[in-house]
Amino acid sequence: MDDVVPGTPGAADGRLITVGIPVFNGRSLLRSCLHSVISSGLPRERFEILVADDGSREPETLAILADFSAKLAGEPGFFRVLSLGTNSGGAARPRNRILDEATGAYVFFIDSDDTIGSQALERIAEAVAAVEPDWVALHQVPVNGRAAGCTVRQTQVEVSRDKALSTLTVHKVFRRAEIERQHLRFDEELPSGQDISFAFSYLVNAQRFLMLGGYDYYYLTQHGGNPDEPVHLSRRASSPAALIEKNHRILTSMITDLTRSPLSEAERLRVVYDVLLPRVLLRQRYLASIANADPEVGAKALAELAGLLADPLLAGLDDAGLRKGFTPEHLAAIRDRDLPGLRRLMKQAGPAPKAPVGTAERWAGRARRVTDVVAGLASHRHVVEELAALRRSVRELQKAQERLEEELRTRG
């Protein structure tokens, strides 16, 4: 491979995979996450776990980190906690610290409230050894009503860049040499959405993309509605002004990265039509936030957006190429800086309905994780720890059952 950095295949002291976990006050979810990674059947000399603690102060979280550090102290280099001190309010700084400290040929980012299947790392290791991709996306399972992430039906398939760009999150596996070749890091000025700009920049400059399915690799966990669970690691940009600022920064970064990429003009335009316009302006609610802002703020933001769309990369947009919900009317309203017209368009579209999540669905999601843990018990050397984790999962199921029964009694 070109641009090999220490820790890639061929480096004598390197591990294959760095599992990077940013955390802030993760509590019991963190424990479940760490157990799922440590339970992997992949030999421990082939991967490392880096937990970047972004200033946690919650006692249970600190105790969990201390407990795992003590138990794994006899395996140097396998488990490390990187303490960042003061909380940064986002996932960018801890992820950057993970990248600075990683030794693995590949970096696999996992959120501290998520878990992975017991065979996930083994399967990833087998795939990257055979194909040596720059990027690997994994089949994901939503838990507790979390929106579906990346669904992969085939066991293993190489995909186009266009397909890879359809899933701009960082719960993926990235080749570290390629990250360093691009001098790429997460934007620490963004309150949230840092993964979108990072993944986009990486994908438009990388070359080989792989997707793995046929197994539940990654469990995406929704927990925001439970008061007993920790707040999200990232700050939320929720007001119109905050959303405008965030999306303006993301779109500016994407335009710059795409312009500097090695892609042909035709490829760049296809990315503009398929990703930049529908993803940032619609899905990320850039246009909606402008329409919902105060008139003065909205007019200023629309003028700034019109300025971005005047970039040479976007100046030649053809109405016939617009797709995925972004229409010629949207484009005209932006170029004409027509705030009343944009508001009418966004009002006509209306918000996307959000599917209700029942307690039974949450329960079923937890049960899938428990089943995976049970399947991996026989080969795990820390059986006692795994049984303790299983008991905690069972207690969660029991609580979910009690809530469901109470809900049914209330309805009755």
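The values are calculated or read from the model by the stated rules, or taken from the named source; none is laboratory data. Here the structure is a predicted model, which is why all the values come from computation and not from measurement. As a convention, Cβ positions derive from the backbone with ideal geometry for all residues, glycine included, and neighbour counts pool all protein chains shown.
On the given criteria, is ARG337 assigned by TED's automatic domain parsing to the domain that holds ILE244 and without any contact (Cβ under 8 Å) to a residue 12 or more places away in the chain? No. Specify the residue that is nearest to the chain's Cα centre (by Cα); the eligible residues are those in region 298-333 that are closer than 15 Å to PRO240 by Cβ and either among the small types (Gly, Ala, Ser) or modelled with pLDDT under 95 (or both). Result: ALA301.
Here ALA315 clears all of (1) among the small types (Gly, Ala, Ser); (2) within 22 Å of THR256 (Cβ to Cβ); (3) touching a residue at least 12 places away in the same chain (Cβ under 8 Å) except the condition numbered (3). Of all the residues in region 205-222, those that are out of contact with any Pro (no Cβ under 7 Å at 6 or more places or on another chain), in a strand (DSSP E or B) and either among the basic types (Lys, Arg) or at pLDDT below 95 (or both) number 3.
Of the residues making up region 261-288, those that are in contact (Cβ under 8 Å) with a residue 24 or more places away in the chain and more than 17 Å from GLY307 (Cβ to Cβ) number 17. Within this structure, ARG97 fails the test of being of a type outside the set (A, V, I, L, M) and over 27 Å from ASP53 (Cβ atoms).
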